[in-house]
1. Inside region 364-400, can you point out the residues that are open to solvent by 40 Å² or more (accessible area, probe 1.4 Å) and of a type in the set (Gly, Ala, Ser)?
2. Could you tell me whether ILE178 is crowded, with 20+ Cβ neighbours inside 10 Å, at pLDDT 95 or above and out of contact with any strand residue (DSSP E or B) (no Cβ under 7 Å at 6 or more places or on another chain)?
3. Taking SER225 as the residue in question, decide whether it is of a type in the set (S, T, N, Q) and open to solvent by 50 Å² or more (accessible area, probe 1.4 Å).
4. Condition (residue is hydrophobic (A, V, I, L, M, F, W, C), closer than 29 Å to HIS58 by Cα and within 16 Å of ligand 1 (Cβ to nearest atom)) applied to region 318-328: is it met by at least one residue?
5. Could you list all residues from region 399-424 that are among the β-branched types (Val, Ile, Thr) and either over 24 Å from the mean Cα position of the chain (by Cα) or farther than 14 Å from GLY347 by Cα (or both)?
6. Look at region 102-157 and say how many of its residues are of a type in the set (Gly, Ala, Ser) and farther than 30 Å from VAL267 by Cα.
7. Is it the case that some residue within region 136-156 is more than 28 Å from VAL348 (Cα to Cα), within 14 Å of ligand 1 (Cβ to nearest atom), touching a residue at least 24 places away in the same chain (Cβ under 8 Å) and buried (at least 20 other Cβ atoms within 10 Å of the Cβ)?
8. Working only within region 35-58, note down all residues that are crowded, with 19+ Cβ neighbours inside 10 Å, more than 8 Å from ligand 1 (Cβ to nearest atom) and not hydrophobic (A, V, I, L, M, F, W, C).
Amino acid sequence: MTYDLIVIGAGPGGYVAAIRGAQLGMTVAIIEKEKTLGGTCLNWGCIPSKALLDSSEHYHQAAHKFKVHGIEVTGLKVNIKQMMARKNDVVSSTTQGIDYLMKKNKIERILGTASFKDANTLLVTNGKTKTEHQAKKIIIATGSDVITLPSVAFDGKRIISSKEALDLTEIPKHLIVIGGGVIGVELGSVYARLGSQVTIIEYADRLLPTMDKELGKSLEKSLKSLGMTFQFNTQVTGAKVVKNKATVTAKIKTGEDIQIEADYVLVAVGRRAYTDGLALDVAGIKADERGRVETNEHFQTNIASVYAIGDVVKGPMLAHKASEEGVACVEYIAGLKTHLNYNTIPGVVYTWPEVASVGQSEEQLKEAGILYKIGKFPFKASGRARASEESEGFAKVLADAKTDEILGIHIIGPRASDMIGEAVVAMEYRASAEDIGSIIHAHPTFTEALKEAALAATDNRPIHI
Ligand code: FAD
Ligand code: NAD
């Protein structure tokens, strides 16, 4: 049969696109090379990392924060095997949920690696078996893979990627993390909370260099108090393993060479679009200089029947971005009018305190020459934060100097991941800072910090500072 739609890759981009296609009455098949559905996010990314972040934060709370609440714990210890087993259970119940959704929506699941035969035909290889499948439309949702450093070869045991770091059977004594981006600070936090000495080596001058500068600076202070150490302005030049030790060599921007020894090295220097084995050239599909499949604003490639979404195309490598592109792409294919606002894609870093952002950073506004106002409110002035003993961080609202329209919201603090939702809604509806300042926020909640920051941005009239 010829399907209306075949999706290649069952990550949050691909499986959501497949479901939306089925909802719109299309006959849909999804091809996935792995035995479990869900892609990077569910198997080796978002879900397992958040499971370990939550478990390790519980331990850290019990070890260091319960006492002040009047709760004394003795004999506390980490059972890393159980922590990993729980994480594996969370992953398998989540990926099985996707199996159920495929069946519920009558989506044909094809196991194997897809490659193009022509613009409407895919060859699927599963071991020695080869099959051919045809579709009117094909969506490439093959995601991304880790970037390797030529001088730092993974051995999967001592020099590892995020995938192995989510599966360690022991707590490292000393973990070096190359890259102070999102994976570096999240997985670095997991092991620092469990007692590892963690050193982050980062090429830029701060953590999370692509986010608003104040967030990275503030997170650095918090992670320092967790015992983490940082080597900024430093480029890793090599690493070698001898027995159970790895030695990393690096060059500081000032010219000095350094060497650091550890028992594990996590390389987290970004991810690349993954199109290996797809044979894009056979169908004449164009990719850019970074290997990302090129598309127009409707996710269509230069070949009319082929579309692409998620990590394999340009834009932030985030699960929710991939899923929303999946929905929008299928709706375009179905002839519906649809809309995706790239300016309101939130970014969240699940450290503690959490970091969350939407819209433009101060650095971006300065570069674009846009005049803006700033309103900031520290969590230490929030009653709820004090009651919870969680008063690190701040909420910051950036608004247009003339119109008061919100241009960006940046939060570091307790439950920032949930608070950013309000900011996204406000920006999606083009709210002014005054709009957030005049909305009633329940008391006592962390969200009052956002209201106060908005009041501060409007005309400098926060109530509690
Ligand atoms: P993927 O999830 O990568 O899925 C692509 C799928 O395609 C894979 O299953 C792959 O096996 C399959 N495939 C590839 N080639 C073929 C082929 N030729 N034939 C058949 N199948 C093929 N994002 C967030 O938003 N929040 C987070 O908290 C978060 N945490 C993360 C933590 C880690 C450690 C990592 C590594 C990533 C994290 N991300 C997070 C990023 C997120 O995982 C990705 O943005 C998201 O998975 C991209 O979805 P996708 O569908 O484009 O690709
Ligand atoms: P990243 O781009 O966030 O960070 C990589 C960091 O490595 C950068 O700060 C960069 O300056 C640094 N770097 C690069 N080369 C270096 C070198 N030779 N020496 C020292 N530092 C070097 O990438 P990541 O942390 O690997 O994450 C990959 C992707 O996965 C990101 O795009 C991210 O969006 C996604 N992700 C998202 C979440 C989340 O949403 N919470 C969590 C994890 C991963």
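The values are calculated or read from the model by the stated rules, or taken from the named source; none is laboratory data. All values reported here derive from a predicted model rather than from experimental measurement. Using ideal geometry, Cβ is built from the backbone for each residue, glycine included, and neighbour counts are taken over all protein chains shown. Accessible surface is based on the protein model in full, side chains and every heavy atom, while ligands, DNA and RNA are left aside. Shrake-Rupley method; radii C 1.70, N 1.55, O 1.52, S 1.80 Å.
1. ALA368, GLY369, ALA387, SER391
2. Criteria not met by ILE178.
3. yes
4. The answer is yes; a qualifying residue exists.
5. THR403, ILE406
6. Of the residues in that region, 3 qualify.
7. Yes, that holds for at least one residue.
8. SER55, SER56
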